[in-house]
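Taking it in order: structure first as structure tokens, then the write-up.
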Amino acid sequence: MGCATVLMFAAPAASAKCKFQTDMPSIVTGEHIRWTDWTTFSLAITTTNYALAAGISEGDRKYAGLQLHTVTTIPRQASKEDLDNAVVIPAGSDVFFLMADESIIKVTTDQAVTGDADFVMHSANRYDIVTDTIVKAPLTAQELHGLTAQRVKRIRVSTTAGNLDFEFGKKGSKKMQSVLECIQ
Amino acid sequence: MASSSGAVQAISIGDDKFLAVRLRARNMFPIPPQLNINLADSDQYKRTGRFDPRLDLVLDRLKRDTAFIPAGSTLRITLQDRSVIVLTSVKDNSASNQGWKPQSGEENTGPNFLLLSEASALYPLDADMIKALTSRLAVSVRMETADRYYEFASRMNIQYPLTIGEKNGQQLQEALNCVL
């Protein structure tokens, strides 16, 4: 048991190819904040939605960062209320990672998030609401180990408007492993 | 999405410090469907629809409302360390709007109203905000108006979406440093 614990935490040092967009102390908390570069996924399904991933650490806390890009079409002019409610992920929402061995890692968010939405007008009765939402899924050491040990096949994020699903090919999910390894 | 750009200025009035932001935006609006004006028959439209007084009323309303920044509107700045500063405007700010009716023959309106807007708002800064804004570069700026939000960066750059770039972040810092 003790050996298993040692193995679990004896993570490899961050690879030399790790690139960080943020790597500095927070001006507010003083904690060291690290965000890897966002990595793009290869989508297995053709869709206007896509997701990016980053490994995030804030002090001792680790997160899987997900940037969700979604497009929703509505048949009328988009109001500000439409924009404010396009993607809302309350604290306590679930993020599911379906792994290559069909196991599921479920993580619960600890911060409410509202997506940054804007609209594109196509005609008087067709508007696309385009939203970018950054979700931070807090990870325990075991969850982080689980997410880097094998490929992620699918990610599901619960929102107030339903679930957002992202399904990825082999190459894309390997990229997610690589950014999470950077914060181990 | 609206095509927009922004400019910032730091202002000091006695002991009070402000961040001023100027928004320039280009917005298109369709003819409201309830007006039942048919653009498909362009000759008919040019003869009648273009001069329909209801279009003038719509344009007047758009010129009054577009890019209006009410008191209490927010300016959200995300810093390089991922901390977020939210500034709040203290008074109503009307935009200066220039507008064109659909297929007016001027500008490139196409079948829509075209509004070119310029609006400015003042956001008070406290000591903590100034410390944060001068210590860390800004990476994104999102400005709220009465009817929508404006991001001063593109969504098209997948690797750095909605990011204003290091040079713009430095310009914001330089402006603030000038009034301290």
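In the range A:147-184, what residues are closer than 29 Å to A:G59 by Cβ, part of a strand (DSSP E or B) and small (G, A, S)?
Result: A:S158, single match.
Return the residues of the range A:83-141 that are touching a Pro at 6+ places or on another chain (Cβ under 8 Å), farther than 19 Å from A:E58 by Cβ and among the hydrophobic types (A, V, I, L, M, F, W, C); say none if nothing qualifies.
Listed by number, the residues that qualify are A:M121, A:A124.
Could you check the range A:48-93 and list, in sequence order, the residues that are farther than 15 Å from A:R156 by Cα, among the hydroxyl-bearing types (S, T, Y) and at pLDDT below 95?
Scanning the range A:48-93 gives A:T48, A:T72, A:T73, A:S79.
Only one of these is closer than 25 Å to A:D37 by Cα, away from every other protein chain (no Cβ under 14 Å), crowded, with 18+ Cβ neighbours inside 10 Å and of a type in the set (G, A, S): A:S173, A:S158. Name it.
A:S173
Given (1) surrounded by fewer than 19 Cβ atoms within 10 Å (Cβ to Cβ); (2) closer than 21 Å to B:I13 by Cα; (3) more than 13 Å from chain A (Cβ to nearest Cβ); (4) among the hydrophobic types (A, V, I, L, M, F, W, C), identify the lone condition not met by B:M129.
Checking B:M129 against (1) surrounded by fewer than 19 Cβ atoms within 10 Å (Cβ to Cβ); (2) closer than 21 Å to B:I13 by Cα; (3) more than 13 Å from chain A (Cβ to nearest Cβ); (4) among the hydrophobic types (A, V, I, L, M, F, W, C), the one that fails is (3).
With the requirement that a residue be over 14 Å from the mean Cα position of the chain (by Cα) and either away from every other protein chain (no Cβ under 14 Å) or modelled with pLDDT of 95 or more (or both), what does the range B:17-48 give you?
Listed by number, the residues that qualify are B:K17, B:F18, B:L19, B:D41, B:S42, B:D43, B:Q44, B:Y45, B:K46, B:R47, B:T48.
Please identify the pairs in which a residue from the range A:138-159 that is closer than 14 Å to A:V107 by Cα has its Cβ atom under 8 Å from the Cβ atom of a residue that is of a type in the set (F, W, Y) and in a helix (DSSP H, G or I), counting only partners at least 6 apart or on another chain.
Sorted first by the residue in the range A:138-159, then by its partner, the pairs are A:A141/A:F9.
I'm trying to understand the selection: among the residues of the range B:55-68, which are in contact with a Leu (Cβ under 8 Å, 6 or more places away or on another chain) and not small (G, A, S)?
B:L55, B:V58, B:L62, B:K63, B:T66
Mind checking which pairs have a first residue in the range A:25-38 that is more than 7 Å from chain B (Cβ to nearest Cβ) and a second that is of a type in the set (D, E, K, R) and part of a strand (DSSP E or B), Cβ under 6 Å, 6 or more apart or different chains?
A:E31/A:E58; A:R34/A:D23
Would you point out the residue of the range B:89-111, among those that are in contact with a strand residue (DSSP E or B) (Cβ under 6 Å, 6 or more places away or on another chain) and either among the hydroxyl-bearing types (S, T, Y) or not in a loop (DSSP other than H, G, I, E, B) (or both), that is nearest to A:K136 (Cα to Cα)?
Only one residue tops the list, namely B:S89.
Select from the range A:66-76 the residues that are closer than 30 Å to A:D37 by Cβ and within 10 Å of chain B (Cβ to nearest Cβ) and list them in ascending order.
If the condition is that a residue be closer than 30 Å to A:D37 by Cβ and within 10 Å of chain B (Cβ to nearest Cβ), then A:Q67, A:H69 are the ones that fit.
The values are calculated or read from the model by the stated rules, or taken from the named source; none is laboratory data. Since this is a predicted model, take the numbers as computed values, not measurements. Because the Cβ atoms are built from the backbone with ideal geometry, glycine has one as well, and the counts that use them run over all protein chains shown.
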